[in-house]
Each structure stands twice: as structure tokens, then as C-alpha cells.
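Working notes, beginning with the structure itself.
Quick note: the coordinates plus some simple rules give every number you see, no bench work behind them. Just so you know, these numbers come straight off a predicted model, no measurement behind them. Here the Cβ positions follow ideal geometry from the backbone for every residue, glycine too, while neighbour counts run over all protein chains shown.
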Amino acid sequence: MGLGIPIVPQYITVHLGSPKTSARNVTLPFKDYIKNVASSEVYPTWPESALRANIYVIVSFALNRIYTEYYRAQGYPFDITSSTSYDQAFVEGRDIFANISRLVDDQYTDYITREGHMEPMFSSYCNGTTVTYLLVTERKPCF
């Protein structure tokens, strides 16, 4: 994508491992990827507001990887990995929670931006207790 107005892609290619490991790449609809990650990263019993906030983070993180061509610029043939050491948890073939599926359908085109900018902001998770700082080189930053 890069350098234009971000458009939520129809598909995303996920490397089923860490970047430098030999693993399969799978291409799937972007919305299905978000549902999978949300079902892998959060508990479906959380309040709806917490689920929505985490879905914003998941979408923003994935779109940032695509928009900046983070892996493709390094010569990799994928957009994101399934490794939580680098990206977000993606489990091929996992069950999707009904409430998470509904919320993703409602907001998978919404993402976090910085005021006055169009590009998806790099964002990730924090638990508010042991991880409360901004660190953009790992999967632990807060937004």
C-alpha cells in the first residue's frame, strides 16, 4: 500500500511462524484475519467496550504492517506473521467467537490514526499493570 490513503485490503497474507523461519504463508480475507486474531488475543466474556477497543488495536496494527510494507520491504512475501514475538496471535483453523465476529463485522474498517494523518498508527496491547509503557519494537505498546 504505502504513501496513499489507507484502504482496508480485501486480503492479508500471514506467515505461520516468525519472519525468518520456514513456514507456510496463508492468504485469507482481512476481516477473517481480524476475527481470528481477536478470538485468539482476548476473552469473549470481556465487556463490549473492551472488546471494541482491542479490535481497534488489532485492525490498526495489521493495517500499519500492510501500509508501511513492513515485511514486504524486507523482501518477505507476506504482510504479517502469526508470531506474538513480532505481531499478533493467529491460529489457522481456530473457532471464532460469535460476539467477536459480530463486533468485527461492525468495525473492521475502523483504525487508529494520529490527528491530521491518514496512515494507520502502530498500536498494540498493554495490560495496564506490568506493561504500561510505549515500546514500538515489541508487541507490548499501549495506545
### Query
So what does the Cα-only Debye profile of the range 46-85 read at q = 0.27, 0.28, 0.32 Å⁻¹, as log10 I(q)/I(0), no solvent term?
-0.89, -0.92, -1.03
## Note on the structure
From fewest to most C-beta neighbours within 10 Å, the residues R24, R65 line up as R24, R65
### Query
For D79, D105, D87, what ranking results if the residue with the fewest other Cβ atoms within 10 Å of its Cβ goes first?
D105, D87, D79
### Message
For the range 11-107, I need the span (max minus min coordinate) of the C-alpha atoms along each principal axis, in Å, sorted largest to smallest.
### Response
39, 25, 22
### Query
Using the Cβ atoms and a cut-off under 12 Å, what net charge is assigned to the surroundings of L51, where Lys and Arg are +1 and Asp and Glu are -1?
0
### Query
Taking neighbour Cβ counts within 10 Å as the exposure measure, how do E48, E115 sort from fewest upward?
E115, E48
### Query
Which order do peptides 11-17, 68-74 fall in by mean Cβ count within 10 Å, highest first?
11-17, 68-74
### Query
How many nm separate the modelled label positions at Q10 and T68, each set 7 Å beyond the Cα in the direction of the Cβ?
2.8 nm
